[in-house]
């Protein structure tokens, strides 16, 4: 099996780390794109904490060695060299567009948590319950938009998930140029100060995992 870590442009070299299961890293070129891979026996790589960390170490080691980088999702493997080539050739145009988008940027994650919602009164009718749920959903969407839009304005691209759980109000990923990181973090702090009832968690900078075509590579 050929295991894929990332797709890159203008890759200057491979990091001095081992891949998943201690496998040495290799490099392939398809349609002018650089692919960082390792070779493994078997049909797939077993998911484990160490395997996930090894994948992440390879990707992080590539960030400063590539002009643009699209990390692959963990577990992305191909039966053989021909299958790898077929998959990349069929998506080369969209991959180049994605590489152009992420070039020179990093990903910042922002999660916004609300307080634990109060349970609905036991005496609520079915209609009242549904109306209350609709009102909460509309309020969640309004507030998430109010938080997301100022951050997205400072990013080259952004994705968001709203109301994934009763507490997780917003989960956003933002593609930010390094020169804009200070302004972006300052805006997160300002939003947190304006919404003291909410909890903000900002992570990164990361490689741009969230901005591959279709959400994955």
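Points to keep in mind about this one:
- Modelled FRET efficiency - R0 41 Å, residue 48 with residue 92, Cβ distances, 0.05 increments: 0.80
- Once the Cα gyration tensor of the chain is diagonalised, semi-axes √(5λ) in Å: 39, 21, 16
- Folded to 0 to 90 degrees: helix 126-152 orientation relative to the chain principal axis, Cα: 50
- The simple spin-label model puts a point 7 Å past each Cα toward its Cβ; for residue 194 and residue 113 those points are separated by 2.3 nm.
- Net lengthening on full extension, residue 168/residue 187 (0.36 nm per residue, minus Cα-Cα): 4.9 nm
- Helix axis angle, 49-62 relative to the chain longest principal axis, alpha carbon, degrees: 70
- Computed from Cα positions, the angle between helix 92-102 and the longest principal axis of the chain comes to roughly 60 degrees.
- The modelled label-to-label distance between residue 16 and residue 136, using points 7 Å beyond Cα along the C-beta direction, is 5.4 nm.
- Counting Cα-Cα pairs of segment 2-102 in 10 Å increments starting at 0 gives whole-percent bin shares of 16, 52, 30, 2.
- For segment 169-191, backbone nitrogen atoms closer than 20 Å to the point 7 Å from residue 56 Cα along Cα-to-C-beta are found at 171-176.
- Rounded Å value of the spacing that divides the Cα centres of segment 158-188 and segment 16-55: 29
- Theoretical FRET efficiency, 1/(1+(r/R0)^6), r = Cβ-Cβ of residue 27 and residue 177, R0 22 Å, to 0.05: 0.20
Read-outs: derived from the displayed coordinates by stated rules, not from any lab. Treat the numbers as computed from the prediction; the structure is a model and nothing was measured. So basically every Cβ, Gly included, is an ideal-geometry build from the backbone, and we count neighbours across all protein chains shown.
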